[in-house]
Amino acid sequence: MPSSTAASNALTSMRLLYSLVYSIALACVFPFEYSKRPRSARKRWLREKLGRVRPVSDAGPLVWVHAVSVGEVLAAEAFIKALKKKHPALEVAVSTITDTGQEVARSRLGGLSGVFYMPFDMGFTMERAIAALMPSVFIIMETELWPNAIWKMKGSGVPVVMLNGRISGSSFKGYRKVRPFMRKVLEQVDAFCMQDEEYARRMVEMGAPPEKVRVTGNFKFDISLPGEKPQWGALLRGPVVVAGSTHRGEEAMIISAYESLKAEFEDLNLIIAPRHPERFDEVEGLLREGRVPYVRRSNLGDSPISGKAVLLDTMGELSAVYSLGDVAVMGGSFIEHGGQNPLEPAYWGKPVVCGPHMENFPFVREFYEAVAAVEASEGNLPAVLRDLLSSPERRGAIGAAAADLLRKNSGAVKRAIEVVEGFLRF
């Protein structure tokens, strides 16, 4: 009994210390966080951060999914849609930290019971939100570990599940420094569904009970793309390089590589798709400066396209456009941005060329090891493209390996749903 009392007192002290530190930090950042919001959004932001979340009146059980920002919302998209399809009566509410996360959740996830800001991680704010929503399950996407949120959920009898879990190297080092505290937090989580074995190992070393940790895969491998190629692809004559989701600083490099390749491949076409629509005109200016024959996708007629660049100035089409290419170049990977998703071209069985900065997609290492993608630098990009364009056999082998790797790793969403279903009571 004395040891149990001592352990309880130690836990109480930990919680009080955490709440004190959190409150001090919150007081420091609150003025900035409040003032950076548009005036029209400040009232709602403050109300929801204080736990005053709009109640959900529908009778079905509710799943509360917490996704920090855009990346986590996008990762949760396939899971939420599949869960709603399988259980139409299920209510799903999504909380985020960032404004952009809110916007993406509202635009990409139709039929949600609510989208709101995650309350401050304080006892009374979480109690208010839990009382309003009465969730059946609380889902943490990827890495969000808010101690008071987890403790209050468990205190209210709400199961806590981490999905698509990952722990970066830097976060792992930080959590290890407070392992006794984290162990008490992680003991309250009912299931950890991790992306891979390394992340699972880190979670256990942080203090999670081993029997609660499992590897279910990465949601990013469960992608849903259009099954048909764009009809305008029939206008293309000659080989095609698709440069997708490019950023400032990359287009000039890609256009230069394209121009150097044209000496050897006269009918080579380039489809270039800037990541942000406000930069369409800027990239058009680069094409003009380089005197590269081009046409904007929005201005396509019926004439065949050969030896030209196509500026993809439409939204939502890039995933299908990868099907038109012979080689795909991933934007955001030749600058310190972290890369874009290589799974979209892999879905179509296309060889993928990535720059040195693919930090947002660490699984790309698996692609390199399986010779399912090629790593390039700014300096050797023309040579890498030349090699692939000159060898249909190598292109085909790399593309087939990419499609096979994607197929083998799919199914993470299905496995996650099975875990969550184990905690639902319909």
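The values are calculated or read from the model by the stated rules, or taken from the named source; none is laboratory data. Keep in mind that what you see is a predicted model, and the values were worked out from it rather than measured. Please note: Cβ atoms are built from the backbone with ideal geometry, for glycine as well, and neighbour counts cover all protein chains shown. Surface accessibility is based on the protein's heavy atoms, side chains included, excluding ligands, DNA and RNA. Shrake-Rupley method; radii C 1.70, N 1.55, O 1.52, S 1.80 Å.
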- line: Relative to the compact-globule estimate 2.2 N^0.38 Å (N residues), the Cα gyration radius of region 203-258 stands at a ratio of 2.09
message: Could you work out the percent of alpha carbon pairs in the chain separated by over 39 Å, rounded to a whole number?
response: 29 percent
task: Amide H neighbours of V115 under 5 Å, at least 5 residues apart or on other chains, H built in the peptide plane: list them.
output: V94
query: What area, in nm² and to one decimal, does the C-alpha convex hull of region 150-254 cast on average over all directions?
result: 11.7 nm²
message: Rounded, prolate or oblate for region 316-404? Axes are the square roots of the Cα gyration tensor eigenvalues, ordered a ≥ b ≥ c, and the cut-off for rounded is a/c under 1.5.
response: rounded
Kyte-Doolittle mean at least 0.5 and Cα axial length at least 15 Å: DSSP H helices in the chain: 2-35, 123-133
query: What value, in deg cm²/dmol to 500, does the helix sum -39500 (n - 2.57) over DSSP H runs of n ≥ 4 give at 222 nm once divided by the residues of the chain?
result: -14000 deg cm²/dmol
message: So the label point goes 7 Å from the Cα of S390 along Cα→C-beta, right? Which residues of region 318-360 then have their backbone N under 19 Å from it?
response: 326-328, 351-353
Hull-based mean projected area of region 33-175, where the convex hull spans the alpha carbons, in square nanometres: 8.7 nm²
- request: Before anything else, pin down the relative contact order of region 131-229: Cα pairs under 8 Å, at least 6 apart, normalised by residue count, whole percent.
  value: 25 percent
- line: The simple spin-label model distance between S224 and K86, using points 7 Å out along Cα→Cβ, in nm, is 1.3 nm
- line: Taking only the alpha-carbon positions of region 245-374 as identical scatterers, the Debye log10 I(q)/I(0) at q = 0.13 Å⁻¹ comes out as -0.53
statement: Counting only protein heavy atoms and leaving out ligands, DNA and RNA, the solvent-accessible surface of V53 at a 1.4 Å probe, in Å² to the nearest 10, equals 10 Å²
query: Taking 0.36 nm per residue of separation and subtracting the Cα-Cα distance, what length does fully extending S306 through E289 add?
result: 4.1 nm
- prompt: Taking the mean number of other Cβ atoms within 10 Å as a proxy for protection, how do you rank 27-40, 382-395, 210-223, 339-352 from highest to lowest?
  reply: 339-352, 210-223, 382-395, 27-40
message: Per 0.36 nm of contour for each residue apart, how much would the distance between E336 and A397 grow if the chain were fully extended, relative to their Cα-Cα spacing?
response: 19.0 nm
statement: Taking 0.36 nm per residue of separation between S40 and L20 and subtracting their Cα-Cα distance, the length gained on full extension comes to 4.1 nm
Distant-in-sequence amide H partners of V215 (H built 1.01 Å from N, under 5 Å): M194
message: As a test of reading the structure, rank H276, H87, H66 by solvent-accessible area (1.4 Å probe, protein chains only), most first.
response: H276, H87, H66
- line: Between R415 and R179, Cβ-based FRET efficiency (R0 22 Å, step 0.05) works out to 0.20
Mean separation of Cα contacts under 8 Å (6+ apart) over length of region 232-284, as relative contact order %: 50 percent
- prompt: Can you give the relative contact order of region 49-143 as a percent, counting alpha carbon pairs under 8 Å and 6+ residues apart?
  reply: 46 percent
